[in-house]
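Participant: This is the structure I have questions about; it appears just below.
The values are calculated or read from the model by the stated rules, or taken from the named source; none is laboratory data. None of these values were measured; they are calculated from a predicted model. When we count neighbours, we look across all protein chains shown, and the Cβ atoms used for this are built from the backbone with ideal geometry, even at glycine. SASA here: full protein model, heavy atoms, side chains in, ligands and nucleic acids out. Shrake-Rupley method; radii C 1.70, N 1.55, O 1.52, S 1.80 Å.
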Amino acid sequence: MPRAKRKRASSENSTEPAAKAGDKEVEKTVTSGAITPKNKSAQKTGEPEEYAHWLLKSEPESRMDKGIDMKFGIEDLKSQPNQTACWDGVRNYQARNFMRKMKTGQKAFFYHSNCKEPGVAGVVEIVKEAYTDHTQFDPKNPHYDSSSSRDNPRWFMVDVQFVRMLNRFIPLAELKQIHLKHKASGGPLKNMALFTRARLSVQPLTQEEFDFIVSLEDVKA
DNA sequence: GCCAACGTTGGC
DNA sequence: GCCAACGTTGGC
């Protein structure tokens with residue numbers, strides 16, 4: 001079975017009540033924080049923003065956490081059976097909530113974080129929608145959550161499958177430059193979550209953001 | 001390895 | 001329910 005280690009996020013031992021409160025708050029934050037052009041209409045209709053594209057962060061370089069290596073780059077995904085892995089270890093409510101909105105067939109960028117050269121490496125597809133992240137119940141797992149119960153699991157994961165590498169690696173530094181430019185000019189990356197919500201390990205992208213970044217693969221850096 | 005940004009916790 | 005302290009993320 002593929003065991004992928006994803007970005008964790010904060011608090012491994014939040015209490016049940018805290019989790020519930022946090023949950024709600026995050027739900028709010030997510031909605032109001034969904035900075036997209038469509039957000040306005042979303043607010044009018046009262047419908048939550050619906051995203052169809054995502055960005056998933058993972059660490060391509062070795063780093064030990066409680067005796068377990070967190071390394072899981074896109075090459076590691078490629079070498080899994082079926083080039084498929086479960087995106088476990090997400091321990092942040094916003095990130096979790098986004099994962100629960102993912103639908104089979106949707107595409108996501110595989111982003112390399114916490115490494116020499118951070119950036120977008122390739123494209124993956126959601127091949128299984130959110131289900132219980134078993135690692136929350138494993139005391140030996142770095143992402144063990146002692147206060148999550150099997151009756152009412154707190155954390156979820158999806159399965160992703162490798163689709164393709166981008167024709168070239170798109171470095172964070174380049175995206176950042178474009179983001180800054182677009183903030184001034186109103187281009188497609190002006191609100192990109194990678195910069196407006198830097199620590200979020202599972203992020204939504206608008207169609208425009210996704211397409212624009214894909215278009216960079218054939219542009220000379 | 002440093003440290004800014006930010007999510008969570010817990011005292012009050 | 002505020003907010004200071006704390007822990008983590010992740011770029012640099």
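Participant: Using a 1.4 Å probe, what is the accessible area per residue for segment A:90-137, in Å²?
Facilitator: 35
Participant: In what sequence, highest mean first, do A:148-160, A:87-99 appear when ranked by Cβ atoms within 10 angstrom?
Facilitator: Sorting A:148-160, A:87-99 by mean packing, highest first, produces A:87-99, A:148-160.
Participant: Now, a different point. Please compute the alpha carbon radius of gyration of segment A:67-125, then divide it by the globular-protein estimate 2.2 N^0.38 Å. Two decimals is fine.
Facilitator: 1.20
Participant: May I ask for the Rg/Rh ratio of segment A:112-221, computed from Cα atoms with Rh as the Kirkwood radius, given to two decimals?
Facilitator: Value, to two decimals: 1.06.
Participant: Which percent of the accessible heavy-atom area of segment A:48-185 goes to carbon and sulfur, probe 1.4 angstrom?
Facilitator: 49
Participant: Please arrange A:I68, A:I178, A:I126 by accessible surface area, largest first, computed with a 1.4 Å probe and ligands excluded.
Facilitator: Solvent-accessible surface, decreasing: A:I68, A:I178, A:I126.
Participant: Kindly report the accessible area of segment A:162-221 per residue (heavy atoms of protein chains, probe 1.4 Å, no ligands, DNA or RNA), in Å².
Facilitator: It amounts to 52 Å² per residue over segment A:162-221.
Participant: Distance in nm between label sites at A:N167 and A:E61, each 7 Å beyond Cα in the beta-carbon direction?
Facilitator: Label at A:N167, label at A:E61, 2.9 nm between them.
Participant: Provide A:C115, A:C86 ordered by accessible surface of protein heavy atoms (probe 1.4 Å), highest first.
Facilitator: These residues rank, largest area first, as A:C115, A:C86.
Participant: To continue, here is another question. Which number comes out as Rg/Rh for segment A:83-164 once both Rg and the Kirkwood Rh are worked out on C-alpha atoms?
Facilitator: Dividing the radius of gyration by the Kirkwood radius yields 1.00.
Participant: Label-point separation (nm) for A:T196 and A:S149, each offset 7 Å from Cα along Cα-to-Cβ?
Facilitator: For A:T196 paired with A:S149, the spin-label model returns 3.8 nm.
Participant: Hey, rough spin-label estimate for A:Q207 and A:E117, points 7 angstrom out along Cα→Cβ, what's it come to in nanometres?
Facilitator: Each label point is offset 7 Å from its Cα along the Cβ direction, giving 3.3 nm.
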